[in-house]
Amino acid sequence: MTKGSFSLTDYLRTRGWRHISIVIFFAMIAAVVGGMYFATLKVDYVWRWYRVPQYFYYKDTIETKAEIEGEVATLVPKGDQVEVTVRGDGEEETYSVPGQSLRVNEGDFIYSGDVLGSYQKWKVGILIEGLWVTLKVSVIAVLLGILLGLFTGLARISNNPALKWSAITYIELVRGSPLLVQIFIWYFVLGTLINNLLAQSGMSQLPPLWYGVASLAVFAGAYVAEIVRAGIQSIHFGQMEASRSLGMTYPQSMRYIILPQAFRRILPPLAGQFISLIKDSSLLGIIAIRELTKATREVITSSLQPFELWFVAAILYLVLTFALSMFVQYLERRTAIGG
Amino acid sequence: MVRAENVYKTFYTTQKIEALIDVSCRVDKGEVVVIIGPSGSGKSTILRCLNMLEKADKGHIHIDGVDILDHKTNINKVREEMGMVFQSFNLFRHKTVLGNLTLAQTVVRKRSKKEAAEKAMALLEKVGMPEKAEAYPDNLSGGQQQRVAIARALAMDPKVMLFDEPTSALDPEMIGEVLDVMKTLALEGMTMVVVTHEMGFAREVADRVIFMDEGQVVEVGPPEHFFKNPTHDRTKLFLSQIL
């Protein structure tokens with residue numbers, strides 16, 4: 001073969017199949033999306049994506065209302081605002097309203113509750129609120145789960161039967177029952193008990209959010225414990241012997257030698273566990289925590305646009321889980337040995 | 001300095017292994033004692049019993065007058081005074097060479113970072129690798145790692161150094177550099193207990209040689225006696241196999 005006579009077979013043999021595979025990949029994606037779209041047209045579903053943004057952010061009109069009955073005594077402009085003074089039966093009130101929206105004149109007689117003016121304000125929608133609750137619940141549960149998992153993992157490999165057997169019992173109980181059932185137990189059993197006891201001693205009740213956080217943290221903690229145990233046991237026992245032979249105590253050896261090395265190894269399985277936790281938080285809607293999934297359900301009830309909104313919810317979860325895995329990858333690079 | 005009396009140790013793994021049977025030995029201050037013997041003879045086990053990496057079942061072990069098998073003894077305090085060098089180096093993989101040398105100094109000896117680093121650099125100088133202070137163990141050769149491991153143990157100013165087959169995991173061309181460091185230590189008067197297969201080292205440096213077989217001390221004596229006129233048949237057989 002001479003230079004310049006690059007034939008189709010040569011192209012196929014070298015880069016061709018790769019290019020064709022890439023084209024096939026995108027064609028399949030297009031087919032799935034397109035097929036779905038046409039299927040929805042067949043059942044007369046009307047896509048209304050333009051209705052979705054209002055559940056993220058919307059403009060709310062806030063009206064300033066008079067609180068007393070009386071006469072508008074003075075209108076004093078102050079920049080964009082106008083100060084409206086209402087004088088009534090021996091009382092006087094002053095309200096500040098935007099000049100453009102002023103609805104009263106000097107000398108008007110107004111009743112309590114009459115609108116003097118209004119302004120508009122951007123507010124976060126229910127989906128963002130739900131996303132925020134999901135994020136909050138997940139972050140707190142992850143942090144508690146790490147603590148719980150670390151201590152349980154250490155207890156699991158301890159020689160002390162009290163510690164070791166408690167750890168095993170906890171791990172087996174939690175791993176052996178469905179998260180949904182555990183959430184019910186936390187809220188309807190433990191929640192009822194704790195809130196009643198709190199009420200009896202005159203303290204305020206704990207909101208459902210904390211029972212949700214507790215159920216997720218305790219659930220994740222059991223899995224983290226096993227990950228921590230595997231991570232510690234994967235470190236060669238010579239590392240522990242070397243540090244003990246230098247006179248370091250067991251806790252010192254754990255802290256300075258074993259855990260730093262184990263940490264790097266357990267990061268990938270830990271990331272997987274916490275991605276699961278974020279997704280599992282979608283179950284918390286059943287105990288009246290308005291996280292992303294429950295918020296989506298509420299929006300669907302009022303908007304009747306389930307197709308768009310379930311896709312939006314899925315994408316929002318994806319944003320959270322993807323951000324978490326990016327963060328963990330960054331940690332992995334940063335803690336690389338010899339980097 | 002080191003005194004072991006009637007020490008027994010049995011392992012129960014898949015079967016019962018009597019690793020040490022009534023082993024007694026002593027190492028005086030400034031002495032270099034080499035323990036040799038075929039594999040499975042218990043020589044590593046007795047060494048590991050000396051700093052409680054293995055707990056002896058029965059008997060007495062006194063280190064610098066302290067009975068380490070006594071429940072009241074704080075073994076960490078005893079270990080501070082004993083350096084140990086392992087066959088597989090066991091350097092802390094997540095720390096630099098300097099970090100390996102300074103960690104226990106600051107955590108256990110409560111030295112300042114500066115003081116520990118100065119001590120570490122002096123010791124790296126001594127083992128001939130000050131230029132590797134910032135390197136990580138994985139980037140060093142076996143011989144270099146073992147020299148760092150020796151320096152790490154020395155950084156604690158130990159009274160006794162225990163060597164558990166320090167050259168067995170090394171390529172032949174690296175054994176010399178590690179043995180040289182050990183010889184220097186011996187000349188400086190360090191009390192050393194060395195488990196090794198390096199007969200040349202034993203002959204040249206040891207004050208006494210202990211020969212062990214099947215968990216028992218078979219013969220003890222100065223190297224000239226030991227290598228030229230061994231009394232026991234088992235010793236003769238062993239020497240004929242390796243020399």
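The values are calculated or read from the model by the stated rules, or taken from the named source; none is laboratory data. Note that the coordinates shown come from a computational prediction; the quantities given were computed from them, not determined experimentally. Ideal geometry is used to build each Cβ from the backbone, glycine not excepted, and the neighbour counts take in all protein chains shown.
Annotations
- Out of A:VAL32, A:VAL84, one residue alone is without any contact (Cβ under 8 Å) to a residue 60 or more places away in the chain and in contact with a Leu (Cβ under 8 Å, 6 or more places away or on another chain). It is A:VAL84.
- The helices (runs of 4 or more DSSP H) located wholly in the range B:162-243 that include 1 or more residues which are closer than 27 Å to B:GLU81 by Cβ, touching a residue at least 40 places away in the same chain (Cβ under 8 Å) and among the hydrophobic types (A, V, I, L, M, F, W, C) occupy B:172-187, B:199-205.
- Hits in the range B:56-73 (condition: closer than 22 Å to B:GLY215 by Cα and either touching a residue at least 40 places away in the same chain (Cβ under 8 Å) or surrounded by 20 or more Cβ atoms within 10 Å (Cβ to Cβ) (or both)): B:ALA56, B:ASP57, B:LYS58, B:GLY59, B:HIS60, B:ILE61, B:HIS62, B:ILE63, B:ILE68
- Being within 30 Å of A:TYR57 (Cα to Cα), among the hydrophobic types (A, V, I, L, M, F, W, C) and surrounded by fewer than 18 Cβ atoms within 10 Å (Cβ to Cβ) holds for only one residue in A:LEU198, A:LEU193, A:LEU143, A:LEU180, and it is A:LEU143.
- Among the residues of the range B:74-115, the one identified as within 9 Å of another protein chain (Cβ to nearest Cβ), free of Cβ contacts under 8 Å to residues at least 12 places away in the same chain and closer than 11 Å to B:ALA155 by Cα is B:LEU103.
- Taken over the range A:208-262, the residue count meeting the criterion of being among the hydrophobic types (A, V, I, L, M, F, W, C) and at the interface with another protein chain (Cβ under 7 Å from one of its Cβ atoms) is 4.
- Scanning the range B:128-160 for residues that are surrounded by fewer than 16 Cβ atoms within 10 Å (Cβ to Cβ) and within 14 Å of chain A (Cβ to nearest Cβ) yields a total of 4.
- From the options B:GLU165, B:GLU198, B:GLU188, B:GLU204, residue that is of a type in the set (Asp, Glu) and at positive phi: B:GLU165
- Residue in the range A:302-339 that is nearest to A:LEU259 (Cα to Cα), counting only those that are of a type in the set (Ser, Thr, Tyr) and modelled with pLDDT of 95 or more: A:THR321
- Picking from residues in the range B:116-161 that are among the aliphatic types (A, V, I, L, M) and in contact with a strand residue (DSSP E or B) (Cβ under 8 Å, 6 or more places away or on another chain), the one that is nearest to B:ASN76 (Cα to Cα) is B:MET156.
- Here A:PHE311 qualifies as out of contact with any helix residue (DSSP H, G or I) (no Cβ under 8 Å at 6 or more places or on another chain), in a helix (DSSP H, G or I), more than 12 Å from every other protein chain (Cβ to nearest Cβ) and of a type outside the set (Ser, Thr, Tyr).
- Qualifying position, being surrounded by 14 or more Cβ atoms within 10 Å (Cβ to Cβ) and over 27 Å from A:GLU129 (Cα atoms), among A:LEU150, A:LEU209, A:LEU173: A:LEU150
- Filter result (of a type outside the set (Gly, Ala, Ser) and in a loop (DSSP other than H, G, I, E, B)) within the range A:45-99: A:TYR45, A:VAL46, A:TRP47, A:ARG48, A:VAL52, A:PHE56, A:GLU67, A:ILE68, A:GLU69, A:ASP80, A:ASP89, A:GLU91
- Entry remark, the range A:223-232: residues being more than 12 Å from A:ALA155 (Cβ to Cβ) and either modelled with pLDDT under 95 or crowded, with 24+ Cβ neighbours inside 10 Å (or both) number 1 in total.
- Residue list for the range A:235-263, restricted to those being part of a loop (DSSP other than H, G, I, E, B) and among the acidic types (Asp, Glu): none
- Answer residue from the range A:280-290, given it is touching a Ser or Thr at 6+ places or on another chain (Cβ under 7 Å) and at pLDDT 95 or above and is farthest from A:VAL139 (Cα to Cα) among those: A:SER282
- The number of residues in the range A:264-279 being within 27 Å of B:LEU101 (Cα to Cα) and either more than 9 Å from every other protein chain (Cβ to nearest Cβ) or touching a His at 6+ places or on another chain (Cβ under 6 Å) (or both) comes to 2.
- Some residue of the range B:116-127 being surrounded by 19 or more Cβ atoms within 10 Å (Cβ to Cβ), at the interface with chain A (Cβ under 10 Å from one of its Cβ atoms) and closer than 15 Å to B:MET156 by Cβ: no
- Filter pass, A:ALA73 being at pLDDT below 85, farther than 30 Å from A:ILE275 by Cβ and either aromatic (Phe, Trp, Tyr) or surrounded by 17 or more Cβ atoms within 10 Å (Cβ to Cβ) (or both): no
- Among the candidates A:ILE286, A:ILE266, residue that is in a helix (DSSP H, G or I), touching a Leu at 6+ places or on another chain (Cβ under 9 Å) and assigned by TED's automatic domain parsing to the domain that holds A:LEU143: A:ILE286
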